[in-house]
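The values are calculated or read from the model by the stated rules, or taken from the named source; none is laboratory data. Model, not experiment: these values are computed from the prediction. Here Cβ is always computed from backbone atoms with ideal geometry, including for glycine, and neighbour counts include all displayed protein chains. Accessible surface is based on the protein model in full, side chains and every heavy atom, while ligands, DNA and RNA are left aside. Shrake-Rupley method; radii C 1.70, N 1.55, O 1.52, S 1.80 Å.
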Amino acid sequence: MSKLGSLGARLYRGEVGYDFVGKRKIWYGISILITITAIVGLAVRGLNMGIEFEGGAVFTTPKTSVSVAQAEKYAEEASGHDAVVQELGSGGLRIQVAGVDTAKSDQIKADLAKDMDLKVDTINADLVGPSWGEQISKKAWTGLIIFMVLVVIYLAIAFEWRMALAALIALIHDITITVGVYALVGFEVTQGTIIGLLTILGYSLYDTVVVFDSLKEQSKDLAKQTRWTYSEVANRSINSTLVRSINTTVVALLPVAGLLFIGGGFLGAGMLNDISLSLFVGLAAGAYSSIFIATPLVADLKETEPQMKALKKRVLAKRAAAAAKGESVESAPRDEDDEPQDDVDQDAAPAGVVGPRTQPASRGRGRGRPSGKRR
């Protein structure tokens, strides 16, 4: 078995682990800081909307020896606006200039032909109106709202409303970070960006639901025992699915990184660059939120319940009594209500610190009897 597979098995059994939920205030602080930075960047710099949203002109030239940087300089001097230039596979250039009308477009075309030493009639000019972008934006917002409503309803039915609320907060967190990156870096927002943003919602939700499903199974009849609190079981759920989450995220990021750095960076494929950038940032943010935000939020919300508060008091009281007698949690005698559960291994230590358990315990002890007592 590989080292990663062996680690995954030990994480699943609770033999090793990291206290993600216990350190949730650190993750909350980091997320709040990143989110505030994204919102400030969005408010101060705004989004660099593409020509599809602002309207303008697109000029396509035949094969030319003029470089992309030179063409961008010529277009900005002729139009007085920022220009986006892409090299085409035929050797020609695609020059986008936002915020120009028909009269201005004709003048820019003439100036470009003169500067680039081309005939005017060989340059193709197309005007793009902002109405298309407005329609796409409205449909995207509508789709986003419908998606989130359906997600909340489904998760509330399949799991519970606390998990639905935590998943919704994680989704908003991921979208805010992705949009903030675009604002801070100044990347152009195109129709490809919108497609990428809508796509990451499913990826972000996938890892979250995997952890929630594990938590649902491991927390069955949790109030009937006095060994673990809800937060500890939630933390074990994260650890037991951690390797799976890492594997799925890495596998998803590899082809996206190929599109971003090879397709967009070296080959200059504009649409690939737009889609892959939003996917790359969104996938990374989604993996982070499913581990560090969504499940800790569920634990916080769940432990506001009187039943879970009482359970936590009983667990801590039992541990204090065991510590006073010099006993470990594993060797402490079971209470009458400490019924073994199929999904929560009573003998496994709570995932707290990466490393081996200090005291291995028999995994079959107490199984098959209604309590830990001997007959």
Once you have the Cα-Cα distance between K114 and T35, take 0.36 nm times their residue separation minus that, and quote the gain in nm to one decimal. 23.7 nm
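Find the accessible area per residue for the stretch 29-113; the probe is 1.4 Å, ligands and nucleic acids are left out, and the unit is Å².
Spelled out: the 1.4 Å probe surface of the stretch 29-113, per residue, equals 51 Å².
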Excluding ligands and nucleic acids, what accessible area in Å² is computed for H81 using a 1.4 Å probe, to the nearest 10? 80 Å²
Give the calculated FRET efficiency between F261 and I195 to the nearest 0.05, with a Förster radius of 25 Å applied to their Cβ-Cβ distance. 0.85
Past 28 Å, Cα to Cα, is the threshold; run K23/K139; K220/K318; K139/K216; K138/K216; K23/K138; K73/K138 against it and keep the listed order. K23/K139; K139/K216; K138/K216; K23/K138; K73/K138
With the crude spin-label approximation of a point 7 Å out along Cα→Cβ, what separation in nm comes out for L184 versus A324? 5.1 nm
Quote the FRET efficiency, to the nearest 0.05, computed for Y154 versus V44 with a Förster distance R0 of 51 Å and r equal to the Cβ-Cβ distance. 0.90
Suppose each label sits 7 Å from its Cα in the direction of the beta carbon; what would the D121-K139 distance come out to in nanometres? 3.8 nm
